[in-house]
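Okay, structure first, notes after.
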Amino acid sequence: MATYKKKGNKAKIDKVSKVEEESTTAEVFNTLDETASKSEKWIEKNSKPLIIGFVALAAVILGYLAYNNFVKEPKSIDAANELAYPKSFFDQAESGSATIAVDSLYKLALNGADGKYGLIDIIDNYGSTDAGNLAKYMAGISFLKTNDYENAEKYLNSFSTDDEILGAIAEGNLGDLYSDTNQPEDAIDSYIKAANFKSNEFTSPLYLFKAGNIAMDLENYTKAEELFTRIKNEYPNSDEGLKIDIYLNRARLAAQN
């Protein structure tokens, strides 16, 4: 009797569950139908703005591709070709092996000659290209070496790069500029930025060393000790690291007095 009663309940429960399942499934499909209907109505109502939006997006993409292929890329090639002429003078001046006066070479690099573009012309006409960006660096160095500090600062600050050596050297040259123009605190800041730009065994200890020596001149011995200690700990095998103990001990002794 008990067993028979349990089977009857189970059949009843199964039947209820099946009805509920069918009801739930129907409800889900009804909801989906309603959602689809609403979506269709929304698309129908907003078809014109959607078409305009798609056309505008396509125009932007096509415009971007056209700009890259027909404007930006050819302009970059032209800029690189134009840069070759002033760069030859700049390289000669930097190498120190030219027979022409170095100042004259830097000025030829900046201003060009014989109808050829100089660095300033390239910056003005191709400043947004990679060659134009590199021209800003070379112009900054050229102005610095010819003691035009205002323009040197302007162009070095406008130069940007991810290259670990070139980026550090650009910032380090700003440090040299501030040092030459009696702005020691700014010089220290720029040297530290140069050292921190991207850590390496060449530029980082060099600019930490320069910053430390200026800190010593300012009698900021604690700062000098901190900078020299970084060289000892982080770059012990660099040229600066091999001789840093002398400078570090000098800074520590000075700080105690």
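The values are calculated or read from the model by the stated rules, or taken from the named source; none is laboratory data. Values in this document were obtained by computation on a predicted structure and should not be read as measured data. FYI the Cβ positions are ideal-geometry reconstructions off the backbone, even for glycines, and counts take in every protein chain you see. Areas reflect the complete protein model, heavy atoms only, side chains present, ligands, DNA and RNA absent. Shrake-Rupley method; radii C 1.70, N 1.55, O 1.52, S 1.80 Å.
Here are some notes:
- Residue check for Ser199: within 21 Å of the chain's Cα centre (by Cα) and either open to solvent by 20 Å² or more (accessible area, probe 1.4 Å) or over 22 Å from Ala139 (Cα atoms) (or both): yes
- Taking residues in the range 244-257 that are assigned to a helix (DSSP H, G or I), and partners anywhere that are among the aromatic types (Phe, Trp, Tyr), the pairs with Cβ atoms closer than 7 Å and at least 6 places apart or on different chains are Ile244/Phe228; Tyr247/Phe228; Leu248/Phe228; Ala251/Tyr221; Ala251/Phe228; Ala254/Tyr221; Ala255/Tyr221.
- The residue that is nearest to Arg252 (Cα to Cα), among those in the range 210-219 that are crowded, with 20+ Cβ neighbours inside 10 Å and not hydrophobic (A, V, I, L, M, F, W, C), is Gly212.
- Complete set of residues in the range 227-243 that are in contact (Cβ under 8 Å) with a residue 12 or more places away in the chain and either assigned to a helix (DSSP H, G or I) or open to solvent by less than 30 Å² (accessible area, probe 1.4 Å) (or both): Leu227, Phe228, Thr229, Arg230, Ile231, Lys232, Glu234, Tyr235, Ser238, Asp239, Glu240, Gly241
- Only one of Asp130, Asp124, Asp114, Asp103 that is surrounded by fewer than 20 Cβ atoms within 10 Å (Cβ to Cβ), farther than 25 Å from Thr203 by Cα and in contact (Cβ under 8 Å) with a residue 12 or more places away in the chain: Asp103
- Considering the conditions (1) over 22 Å from Asn157 (Cα atoms); (2) at pLDDT below 95; (3) of a type outside the set (Ser, Thr, Tyr), Ala79 is excluded by exactly one of them, (1).
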